[in-house]
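What follows is a set of notes on a single structure, which appears directly below.
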Amino acid sequence: MAVSDETEKMMDVPHRLDSMTMVVRVAKVVPQLVLAFVAIVASKGLTDLPLMGLLFLPAFILLGGIGAALHWWHFTYRLEADEMRIQRGLLSRHGRSIPYHRIQDVNIEQAFLPRLFGLAEVRLETGSGDGDDATLKYVSFGEAERLRTLLRGLRDHAKGQATSSILADVPGAGGAKAEDDAGDSPPIFAMALPRVLIAGLFNFSLVVFAVIGTVISQLSSFGSLWSAAESFLFRLDLENAIWTLGLASGTMLAVMASVAVAILGLVSGLVTTLLREYGFRLDRTATGFRRRRGLLTLSDMAMPKPRIQAAVILTDPLRQYFGWYVLKFQSLARDSKDESDHMVAPLADRDEILRILAEADIGWSADWAAMTCVSPALHRLSMAIALPLLAVAIFVSAALAGPDFAFLLVALPLVYASSWLRWYRHRYALQDGQINVSQGLWKKRLTILPLAKVQSADLHDSFFLRRFGLAGLRIGVAGGAARSPLSIGPVPIDEARNLQEALVRH
Amino acid sequence: MDISPARHTDPKSEAQPGSELQPIERGYIGVLRINTALVAGGALLMAIIAAIALEPAVDARIYGVPALVFALSVLALTSLPERRWQRWGYAMRDTQLRIVRGWLFRTDTIVPYNRMQHIDIAQGPIERLCGVSSLVVHTAGTHNSTVSLPGLSPADAAAMRDTIRAHIRHERV
């Protein structure tokens with residue numbers, strides 16, 4: 001195979017990460033050190049330990065720097081003939097070798113701080129995609145791109161798919177370039193800033209409730225907050241105002257709290273979405289898709305078409321009212337630490353989704369109203385058991401603890417409604433060589449799985465379900481979440497058997 | 001596949017006459033029995049030790065607990081293993097493998113041959129004692145990433161593996 005001088009220089013020679021890596025590593029640790037320093041000073045007071053306090057911060061930075069330097073010194077990677085070798089560690093030497101044909105893909109990510117220094121993280125994805133990948137943190141951005149092109153070429157060559165000279169002078173001739181070459185063609189899907197902001201608004205974050213909870217638990221009581229506000233207002237000579245406010249304090253506080261929570265939820269959702277999806281751009285490449293997104297952390301990810309297993313379309317009544325949907329792909333590898341499904345369109349209308357799906361050879365043709373419902377027997381039975389039990393429990397607590405508890409009865413229709421809605425929303429349809437499954441209560445989720453990607457199909461029932469002549473199905477999908485496999489049910493047992501047979505015959 | 005179809009007439013078993021499902025080897029009953037005996041023996045031992053330790057505090061009736069454990073173990077060891085064996089059934093179809101197991105919670109799994117990533121034959125020490133082995137099939141799905149069929153004679157398991165290998169095409173998942 002023809003090898004250019006430049007690439008030959010890269011092979012068979014141990015490389016170190018970029019030296020600026022040490023600076024970045026130390027810089028990452030500095031904010032935590034500063035916070036710790038401030039905490040210690042705040043508790044002890046600056047006058048108590050002047051000398052030690054002044055030495056504390058630089059000493060730890062120096063230690064951090066030494067640690068980073070040692071780590072940098074002992075981390076090397078080599079491109080050998082058949083594999084890539086990474087060696088790291090000073091106390092316990094750790095060597096990893098990755099054969100080129102095992103590399104699924106190479107992705108580049110630029111977090112905010114490394115990007116300031118012109119560095120990038122190179123992530124090699126191997127088959128299982130369970131986080132056991134090799135990453136190079138950090139190399140210069142140019143080196144990252146060179147490595148990506150080179151590794152893709154070596155991978156294609158190892159898999160026997162390369163054209164004649166994969167390491168030719170023209171960078172990335174052949175398959176390697178095709179993966180990130182979007183050419184000058186417009187992206188399949190892109191989000192301008194207004195769209196990103198709208199998506200952020202819809203991503204109302206419930207994390208804020210957890211934050212509020214911790215804040216409240218820190219305060220001794222709500223009363224202390226109110227009395228603090230009270231004394232402040234008192235100083236402003238607004239006695240009468242306080243007195244009238246005091247009457248309404250209960251509801252006032254509740255209203256203020258709700259408004260604060262709502263605002264915080266909106267803002268946190270907006271900020272996280274903006275940081276993650278800014279500049280979202282989906283391009284069609286020769287081998288599949290390429291997705292770029294991020295504000296502080298730039299992420300550049302390739303999604304080869306054969307690895308796409310299923311499409312998941314998400315929406316909720318609020319989004320749907322405005323005609324918005326969210327599209328994700330279930331693929332063999334994990335998206336990031338947080339998402340197991342790959343985000344393909346954070347917010348798009350129906351036409352845009354159809355356009356993306358067409359490129360992935362998946363169809364969105366199932367008419368939701370025409371999809372087959374599952375049996376309501378389980379819902380009816382569970383309600384027949386649960387509602388009387390709940391009613392009895394409420395009456396008993398009302399009798400024991402006081403008639404106020406009777407207002408909990410309002411929960412009963414809510415319980416019934418949510419169970420009914422969950423049943424009503426769960427439907428399936430087998431058409432056009434795809435199995436469509438919809439489910440969800442508030443967030444509606446439609447999974448479209450081409451039959452060719454069905455790995456296995458389970459028909460399961462219990463002694464209990466059999467009495468009703470019902471059974472459920474579980475479909476094995478590569479890359480789906482293990483804790484909630486794609487399931488349909490319960491349905492009459494003959495229907496289940498026919499469906500199972502149809503799923504595995506393709 | 002050349003296993004003489006010894007079908008069961010017990011309506012609770014999987015391998016009914018007329019169904020495509022075959023029973024697994026009777027040797028598996030021995031495996032189940034030994035496993036149950038080990039668990040029951042451990043539980044009985046713990047119950048006896050606890051009873052001896054607590055007897056000064058409570059009166060001699062505490063020995064009723066180990067007696068109960070013993071009675072349950074005897075029950076579990078006599079009738080249960082055969083029942084559990086009956087709940088297994090499998091069929092090697094043209095293009096798929098079907099495995100049925102369980103009764104209280106029954107699962108009927110079908111895995112197409114061309115979806116199998118690789119196939120193992122496993123044999124633990126107890127299985128070796130009873131002369132059976134397991135066929136373990138790996139798929140690419142996160143659900144059912146491994147599907148195992150125990151209670152096969154080693155020769156049958158090897159024959160099944162070879163038959164399946166002949167069917168497997170190299171296909172990029």
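The values are calculated or read from the model by the stated rules, or taken from the named source; none is laboratory data. Quantities reported herein were computed from a predicted structural model and do not represent experimental measurements. No Cβ is skipped: glycine too gets one built from the backbone with ideal geometry, and neighbour counts run over all protein chains shown. Note: accessible area is taken over every heavy atom of the protein model, side chains too, but ligands, DNA and RNA are not part of it. Shrake-Rupley method; radii C 1.70, N 1.55, O 1.52, S 1.80 Å.
Taking every residue in B:133-142 and counting other chain Cβ atoms within 10 Å of its Cβ, the average works out to 5. For a modelled paramagnetic label at A:L57, 7 Å from Cα along Cα-to-Cβ, the residues of segment A:8-41 in reach, with backbone nitrogen under 20 Å, are A:23-41.
With the cut-off at 25 Å, tell me which of the pairs A:K159/A:K453; A:K159/A:K328; A:K137/A:K328 have Cα atoms farther apart than that. List each step's numbers first, then the result.
Working: A:K159/A:K453 22 Å; A:K159/A:K328 28 Å; A:K137/A:K328 28 Å.
Beyond 25 Å between Cα atoms: A:K159/A:K328; A:K137/A:K328.
What do you reckon, how do B:W88, A:W368 stack up by accessible area (1.4 Å probe), largest on top?
Numbers: B:W88 40, A:W368 85 Å².
Heavy-atom accessible area, descending, gives A:W368, B:W88.
Measure nothing fancy, just the Cα-based angle from helix B:64-78's long axis to the longest principal axis of chain B, in degrees from 0 to 90, nearest 10. Relative to chain B, helix B:64-78 is tipped by roughly 30 degrees. Just checking the listed ones, B:I34, B:I49, B:I126: in the Gaussian network model of chain B with Cα springs under 10 Å, the one fluctuating most is B:I49.
Sort A:M252, B:M92, B:M46, A:M371 from largest to smallest accessible area, using a 1.4 Å probe on the heavy atoms of the protein chains. Please report the intermediate quantities before stating the final value.
Values: A:M252 70, B:M92 45, B:M46 140, A:M371 10 Å².
Solvent-accessible surface, decreasing: B:M46, A:M252, B:M92, A:M371.
Surface burial for B against A, with a 1.4 Å probe and both sides summed, reaches about 2400 Å² of accessible area. What separates the Cα centres of segment B:21-62 and segment A:266-317 is a distance of 55 Å. Residue by residue along A:466-477, Cβ atoms of other protein chains within 10 Å of the local Cβ number 3 on average. Measuring from a point 7 Å past the Cα of B:T36 along Cα-to-C-beta, which residues in segment B:61-77 have an amide N at less than 17 Å? What the label zone holds, given the 17 Å backbone N cut-off, is B:68-77. Here A:T149 sits with roughly 40 square angstrom of accessible surface, probe radius 1.4 Å.
Kindly state, to the nearest 0.05, the FRET efficiency for B:A155 paired with B:L72, given R0 = 25 Å and r defined as their beta-carbon distance. Present the calculation step by step, with values, prior to reporting the outcome.
Numbers: r = 37 Å, r/R0 = 1.48.
For R0 = 25 Å, the calculated efficiency reads 0.10.
Modelled spin-label separation between A:W442 and A:A401, with each label point placed 7 Å from Cα along the Cα-to-Cβ direction: 2.4 nm.
Considering only protein heavy atoms, with the full assembly of protein chains and a 1.4 angstrom probe, order A:D367, A:D458 by accessible area, largest first. Numbers along the way, then the final one.
Working: A:D367 90, A:D458 5 Å².
Sorted descending by solvent-accessible area, the residues read A:D367, A:D458.
Take A:R88: with every protein chain present and a 1.4 Å probe, its accessible area is about 100 Å². A probe of 1.4 angstrom, applied to the heavy atoms of all protein chains, finds A:H71 with accessible area near 60 square angstrom.
With the simple model of a label 7 Å out from the Cα in the direction of the Cβ, A:L421 to B:A122 spans 4.3 nm.
Per-residue extension of 0.36 nm, minus the Cα-Cα distance of A:I66 and A:L201, leaves a gain of 44.2 nm for this segment.
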